[in-house]
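In what follows, a single structure is set out as structure tokens and then discussed.
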Amino acid sequence: MSPRTHLSWQQRPRIAVTTSARSGWRIFPLFALNILLTGGRAVRWGAGRPSDLATVDGVIIGGGDDISADLYGGGIVTSARIDPERDALEKGLVAGAAERGMPLLGICRGSQMLNVALGGTLHQNAYETFRRSTRVYTILPRKKIRVCEASRLEQIAGRQEMRVNALHSQAVDRLGAGLRVAARDDGGMVQGVERIADPFALGVQWHPEHLWYAPRQRAIFRALVTAARAYAEGRGQVAEVEREAAAEP
């Protein structure tokens with residue numbers, strides 16, 4: 001076990017996790033476990049809950065309903081389930097974290113929100129656009145993705161092909177400001193984005209919280225916790241994440 005997991009509770013970086021009002025009660029414990037295992041402590045946020053960025057060191061934007069097309073100028077899809085209150089909360093959190101220089105991790109919907117909040121757009125029906133992409137809808141790791149060479153995700157989780165889960169219908173289209181692609185699937189659909197420079201930000205289209213038993217998936221949470229600790233101590237986040245990733249066995 002890493003020495004960072006032996007820190008006292010108060011010494012651990014505090015990570016906010018946004019969840020939906022409907023399913024957060026069962027999803028948040030998975031996030032809390034991953035954050036605990038990688039040296040942090042988690043607090044649940046959501047629409048109608050307190051959400052003060054001054055009280056945390058990092059933010060995870062979790063998965064859930066589709067993001068409303070109103071946020072990025074797309075067409076209305078009548079079959080899509082949306083959550084306008086959560087959209088507003090999370091868009092504000094991404095903007096606020098960027099202003100503070102606070103690290104952020106986006107999971108599925110959260111990866112899309114990271115992109116949208118930074119001025120990007122989405123494919124509303126991603127599998128209609130990427131017809132060669134293997135379509136699966138499961139929390140089991142059955143979808144193959146390729147981590148991009150020389151990406152930060154490669155440094156964090158390795159270059160080898162990765163098997164992940166998939167529960168999404170939307171995907172990143174035009175990239176938001178300061179972002180680059182970190183992973184794609186077999187049909188070219190974006191599966192990961194990352195901020196090029198500080199503050200640290202990573203978005204993954206899958207749900208690593210369900211894959212807590214896989215070292216490469218825990219490494220994603222560890223990177224955020226490392227960046228959050230660097231933020232709290234006023235040090236460079238990307239440099240610290242890269243240093244720690246290089247030191248991992």
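The values are calculated or read from the model by the stated rules, or taken from the named source; none is laboratory data. Everything numeric in this text was worked out from a predicted model, so none of it was measured. Here the Cβ is made from the backbone with ideal geometry for all residues, glycine too, and neighbour counts use every protein chain on show. What goes into the accessible areas is simple: the full protein's heavy atoms, side chains included, and nothing from ligands, DNA or RNA. Shrake-Rupley method; radii C 1.70, N 1.55, O 1.52, S 1.80 Å.
Listing for the model above:
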{"quantity": "Within the accessible area of the chain (1.4 Å probe), percent carbon and sulfur", "calculated": "52"}
{"quantity": "Whole-number percent relative contact order across the range 1-141, with pairs defined as alpha carbons under 8 Å at least 6 apart", "calculated": "23"}
{"quantity": "For the range 60-73, 3J(HN,Hα) per residue [Karplus equation, 6.51 cos²θ - 1.76 cosθ + 1.60, θ = phi - 60°, Hz, x = Gly/Pro]", "calculated": "10, 8, x, x, x, 5, 4, 7, 4, 5, 4, 6, 9, x"}
{"quantity": "Integer Hz, Karplus 6.51/-1.76/1.60 couplings in order for the range 86-95, x for Gly and Pro", "calculated": "5, 3, 5, 4, 6, 4, x, 5, 4, 5"}
{"quantity": "Shape call, the range 130-177: gyration tensor on alpha carbons, a/c limit 1.5", "calculated": "oblate"}
{"quantity": "Cα-Cα P(r), the chain, percent of pairs per 5 Å interval", "calculated": "1, 7, 15, 20, 22, 18, 11, 5, 1, 0, 0"}
{"quantity": "Antiparallel DSSP beta bridges within the chain, percent to nearest 5", "calculated": "50"}
{"quantity": "Loop sites in the range 193-249: trypsin sites (Lys or Arg not before Pro), DSSP, at most 14 other Cβ within 10 Å", "calculated": "235"}
{"quantity": "Ranking by accessible area, most exposed first, for 121, 129 with a 1.4 Å probe", "calculated": "129, 121"}
{"quantity": "Per residue value of the accessible surface for the range 87-184 (all protein chains in place, 1.4 Å probe), Å²", "calculated": "43"}
{"quantity": "Extension reserve of the residue 139-residue 167 stretch, reckoned as 0.36 nm per residue once the Cα distance is removed", "calculated": "9.4 nm"}
{"quantity": "Cα gyration tensor shape for the range 194-243, rounded if a/c is under 1.5, else prolate or oblate", "calculated": "prolate"}
{"quantity": "Over the chain, relative contact order from alpha-carbon pairs under 8 Å, at least 6 apart, %", "calculated": "20"}
{"quantity": "Cβ-placed point charges (K, R +1; D, E -1), dipole of the chain about Cα centre in debye, nearest 20", "calculated": "640"}
